[in-house]
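Notes follow once the structure below has been shown.
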Amino acid sequence: MLIDTHVHLNADHYDADLDEVMGRAREAGVEKMVVVGFDRKTIERTMQLIDDHEDVYGVIGWHPVDAVDCTDADLEWIEELSKHEKIVGIGETGLDYHWDKSPKDVQKDIFRRQIALAKRVNLPIIIHNRESTEDCVEILKEEDAHEAGGIMHAFSADEKTADEVLDMNFYISLGGPVTFKNAQLPKDIAEHVPLDRLLVETDAPFLTPHPYRGKRNEPAYVKLVAEKIAELRGVSYESLAKATTENAEKLFNFK
């Protein structure tokens with residue numbers, strides 16, 4: 001069995017066939033799916049999904065790309081919703097310097113405030129880091145993010161950074177890029193991270209693994225990620241699946 005620790009079933013991409021997508025995930029052995037809501041629309045959809053489906057849990061927060069749109073009321077709303085027993089994390093939050101919609105200082109402020117929020121509600125933080133590793137790690141240290149812990153989602157940094165965040169009580173999650181032919185860094189990370197700190201995800205509908213790269217991703221494909229990591233580590237798929245599932249259950253404290 002597997003747990004997809006980061007999926008966007010709340011995306012418009014699944015409007016036409018959500019039930020079929022979820023059915024394929026279950027057939028592939030995915031026993032739980034953690035849906036991430038990161039703005040008003042996707043958070044509302046996340047809350048609906050966790051109420052409608054027994055095997056769906058939620059993470060809610062505000063995405064760094066849209067930080068400029070985040071209000072005090074939005075953060076208060078997220079904090080209130082986080083009391084739901086099936087909300088298991090805060091995020092995805094962090095920094096994204098690839099897009100320039102939100103100024104860096106605004107991103108940093110909203111990031112810091114969500115770390116504080118996560119600590120108040122005693123939930124782990126799911127971190128989005130794109131082209132911002134140095135600042136991201138610095139803020140995690142300054143804000144004592146280790147007190148909440150969490151996940152470095154779709155990890156794309158180097159082994160040194162991996163060690164830094166592991167020391168701060170974070171898990172490292174890998175997705176589709178570990179299967180890409182020319183993507184050596186995630187393969188190195190897949191071998192480097194201790195097995196008891198490793199998670200798998202799809203980030204569906206994005207980052208689709210080989211051999212479906214270029215098409216819409218879906219949670220069933222988390223099995224391809226797990227199979228590739230098992231191959232890289234020289235362990236059985238079953239042992240890798242068992243370990244990453246236990247890690248997710250420990251982190252998210254599923255009810």
List every residue pair whose Cβ atoms sit under 8 Å apart, with the two residues 6 or more apart in sequence or on different chains, where the first one lies in region 162-182 and is buried (at least 20 other Cβ atoms within 10 Å of the Cβ) and the second, anywhere, is among the polar types (S, T, N, Q).
-> Tyr171/Asn247; Ser173/Thr5; Gly175/Thr202; Gly176/Thr202; Gly176/Thr208; Gly176/Asn217; Pro177/Ser156
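Take the residues in region 12-53 that are part of a loop (DSSP other than H, G, I, E, B) and of a type in the set (A, V, I, L, M, F, W, C), then tell me which one is nearest to Ile127 (Cα to Cα).
Taking region 12-53 first, the residues part of a loop (DSSP other than H, G, I, E, B) are 15-17, 28-29, 38-39, 53.
Within this subset, residues satisfying the condition of being of a type in the set (A, V, I, L, M, F, W, C) are 16, 28, 38.
Working: Ala16: 29, Ala28: 27, Phe38: 12 Å.
Looking at the filtered set, the residue picked out is Phe38.
Can you go through Thr5, Thr46 and tell me which one is modelled with pLDDT of 95 or more, within 20 Å of Phe252 (Cα to Cα), among the hydroxyl-bearing types (Ser, Thr, Tyr) and touching a Ser or Thr at 6+ places or on another chain (Cβ under 7 Å)?
Numbers: Thr46 fails: touching a Ser or Thr at 6+ places or on another chain (Cβ under 7 Å).
None of the other options fit; the residue is Thr5.
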Name the single residue, out of those in region 16-54 being within 19 Å of the chain's Cα centre (by Cα) and among the acidic types (Asp, Glu), that is farthest from Gly89 (Cα to Cα).
-> Glu31
Working only within region 193-221, note down all residues that are out of contact with any Gly (no Cβ under 8 Å at 6 or more places or on another chain) and within 17 Å of Arg26 (Cα to Cα).
-> Ala204, Pro205, Glu218, Pro219, Ala220
Filtered residues of region 216-253 (kept if assigned to a loop (DSSP other than H, G, I, E, B) and farther than 19 Å from Met33 by Cβ) | Gly234, Val235, Ser236
Pick from region 206-255, criterion out of contact with any strand residue (DSSP E or B) (no Cβ under 8 Å at 6 or more places or on another chain) and within 19 Å of Ile126 (Cβ to Cβ), ranking: surrounded by the fewest Cβ atoms within 10 Å (Cβ to Cβ) = Lys255
Residue check, Glu134 modelled with pLDDT of 95 or more, crowded, with 24+ Cβ neighbours inside 10 Å and acidic (Asp, Glu) | no
Index of the failed condition, Asp188 passing every other in (1) free of Cβ contacts under 8 Å to residues at least 40 places away in the same chain; (2) of a type in the set (D, E, K, R); (3) not in a helix (DSSP H, G or I) = (3)
Does region 59-78 contain at least one residue that is out of contact with any Ser or Thr (no Cβ under 9 Å at 6 or more places or on another chain), closer than 18 Å to His153 by Cβ and crowded, with 21+ Cβ neighbours inside 10 Å?
-> yes
If a residue has to be more than 28 Å from Ser132 (Cα to Cα) and of a type outside the set (Asp, Glu) to count, how many in region 27-56 make the cut?
-> 11
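Being buried (at least 17 other Cβ atoms within 10 Å of the Cβ), farther than 23 Å from Cys136 by Cβ and in contact with a Pro (Cβ under 8 Å, 6 or more places away or on another chain) narrows it down to one of Met33, Met47, so name that one.
Among Met33, Met47, only Met33 is buried (at least 17 other Cβ atoms within 10 Å of the Cβ), farther than 23 Å from Cys136 by Cβ and in contact with a Pro (Cβ under 8 Å, 6 or more places away or on another chain).
The values are calculated or read from the model by the stated rules, or taken from the named source; none is laboratory data. None of these values were measured; they are calculated from a predicted model. Glycine also receives a Cβ, built like all others from the backbone with ideal geometry; neighbour counts cover every protein chain displayed.
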